[in-house]
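What follows is calculated from the coordinates using simple rules that are stated; it is not laboratory data. Since the structure is predicted, the reported quantities are computational estimates derived from the model, not experimental observations. Quick reminder, even Gly has a Cβ in these numbers, built from the backbone with ideal geometry, and neighbours come from all protein chains shown.
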Amino acid sequence: MALNKEQIAQRIARELKDGYYVNLGIGIPTLVANYIPEGVNVVLQSENGLLGMGPFPFEGEEDPDLINAGKQTITTVPGSAFFDSAMSFGMIRAGKVDLTVLGAMEVADNGDIANWKIPGKMVKGMGGAMDLVAAAKNIIVAMQHTNKAGESKLLPQCTLPLTGVRCITKVVSDLGVFDITEDGFCCIEYAPGVTIEEIKAKTAGRLTIADDVKEMTF
Amino acid sequence: MNKVVANADEAIKDIQSGMTLMLGGFGLCGIPENCIAALVRKGVNNLTCISNNAGVDDFGIGLLLQEKQVKKMISSYVGENAEFERQLLSGELEVDLVPQGTLATRCMAAGYGMPAVWLLAGAGTEVADGKEVRNFNGKDYLLEMAFDADFAIVKAWKGDRMGNLIYKETARNFNPMMAMAGKITIAEVEELVEPGELDPNNIHTPGIYVHRIFQGTDYEKRIEQKTVRKRL
C-alpha cells in the first residue's frame, strides 16, 4: 500500500533531531509537526516572522495578528520569538535553519526542484520557496510519486520552471524514501507492500536501490 | 516634534497617480487597512505596489485591484485573489514575482542606504534572467537592486507622536523594513501615545524613519485561514 499523506509526514518526522530549527512548508510538510518523536525537541520556524510555532488555537482563541506562512491561525510555545521578514530570511540565508521540508510538483535526479509555476496555468508566485531551497543545507521534499495521469514526478530533469538547482537532499513520496546521490535517486526504504518493481516502473529519473533497502514500518 | 495627522485621508493626500508605494503586511496580517480604504476613496490609479501579497478579492490590496487602481504589483505570492489572476491573464495588470526573502531584503537595502545586494535566491532559475551573476565561494549570487518607493505605508500596533513604532506578533512581517525604505513613510497604528509612554528598549522602528502617523479606526483584521483544534 502506498503511503497516505499522514504517513508521509510521519516518516519525515523521523528525520527530525533534537535541537533542530525546522521550517515546514504548506500542505503535507505542515502535518510533520503532528508526529515529532517523543524526546525530540525542535523549534519550528515560520518565515513570516516566528520561531517557536505552536499548535492551532482552540476555537474562539484565534488571534488575527498571529499566523503562519500559510496564513493559518496558530499559537506560540514558551521561548518563542517574533522578528521581521528581512531577519527571517536572513537566518534562512545564513544557514541557521537545520531542516526545510517542502512540497514539489517535480524533482530531478540531480536535486533540482520545481514547485512554483505552471506556465499559462498557475501564476501564484514562489513565496519563500526559492529563498529556502537556495540556502538550506538539508531539504526534504514531501510529494506524490506520480501525477494524476500516473506519470512519474521524479524525473531525469524538471519540465516546469525551476525553484532551485541541485538543492534537495531527500524525497519522501507515497512509494518510498529516496536520497539524492551522484547516481540519481537512491531508494533506501519502500512503503509497506510496495514492490521495487513498482518503484522502478514509476521513477523516470535515474534510480538505484540501496544494498540495505528496507520496508518502512509504522 | 509632532508627526501626527488627523486620519488616513490626510496622511495620503499628496499620493499621486503613477507613484510607487510599499504596503506592509503578510497576507491580511498587519496591513494598513485605513490607508488602503483612503486610497480607494481618493481614486488614484496607475499605482505600482510593492507588497508581499495582493490581498483577497474584497479586502486588502484586492480593494485597489477591484477599482483598477493598480498598474503593477511587485509581490512574492498572489495566490488568494481571483480578480488579480483575471487582470494578470488578460494583460491589464503587470506583475513582477520576487522571492520573498529577496523582496524583504530589497526593502531593507533601501532603508540601510545600500543600492544593491548579492542574493542567492533564484540563481539558476528564470528569476535570474537579465540579472548580473557573480560567484562567491563557489555559489552563484544575483545582483538585486534596492527598491525605490515614493511612499511606504505601514501598520503598527503602537506608536507615539515622534513616530516610534512597535508591532504585534507576526503582524510585524514586512512593516519595519518598508517603514525604513519609503521616501515618505506613513504609519497607521492601533494605539497612538505620547512620547515617553513606549519603552525605548522595545521600539522596533525608530521615529526617524516615520514622517506621518495617525491612530486608525475600525480595524477589521480579517483572518484569511481560520484554523483551530478541538478541545480534548
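Entry note, region A:5-215: relative contact order of 17 percent, from Cα contacts under 8 Å with a spacing of 6+ residues.
May I ask you to sort A:I180, A:I36, B:I61 by Cβ crowding, counting other Cβ atoms within 10 Å and putting the fewest first? Don't skip to the end; give the middle numbers.
On the way: A:I180 23, A:I36 16, B:I61 28.
Fewest-to-most Cβ neighbours within 10 Å comes out as A:I36, A:I180, B:I61.
The mean sequence distance of close C-alpha pairs (under 8 Å, at least 6 residues apart), as a share of the length of chain B, puts its relative contact order at 23 percent. Extending 7 Å from Cα along the Cβ direction at B:L232 and again at B:D218 yields two label points whose distance is 4.4 nm.
By the helix-only formula, in which each DSSP H run with n ≥ 4 contributes -39500 (n - 2.57) and the sum is divided by residues, chain A has a 222 nm mean residue ellipticity of -4000 deg cm²/dmol.
When Rg and the Kirkwood radius Rh are both evaluated on Cα atoms of chain B, their ratio Rg/Rh stands at 0.99. Among B:K226, A:K117, a tally of other beta-carbon atoms within 10 Å of each Cβ gives an order, fewest to most, of B:K226, A:K117. For the segment B:117-124, counting C-beta atoms of other chains within 10 Å of every residue's C-beta and taking the mean gives 6.
Neighbouring Cβ atoms from other chains, within 10 Å of the Cβ of residues in B:90-101, number 5 on average. Each peptide among A:198-206, A:107-115, B:189-197 gets the average number of other Cβ atoms lying within 10 Å of its residues, and from highest to lowest they stand as A:107-115, A:198-206, B:189-197.
Spacing of the modelled spin labels on B:Q16 and B:D57, each 7 Å from Cα toward Cβ, amounts to 3.6 nm.
Please order A:T208, B:T105 by the number of other Cβ within 10 Å, starting at the fewest.
Fewest-to-most ranking of A:T208, B:T105: A:T208, B:T105.
The distance linking region B:6-34 with region A:164-218 is 50 Å (Cα centroid to Cα centroid, whole angstrom). Mind jotting down the distance between the C-alpha centroids of region A:4-20 and region B:86-164, whole Å? Each part's Cα centre sits 33 Å from the other's.
Once you reduce region A:28-71 and region B:178-230 to the center of their Cα atoms, the two points are 24 Å from each other.
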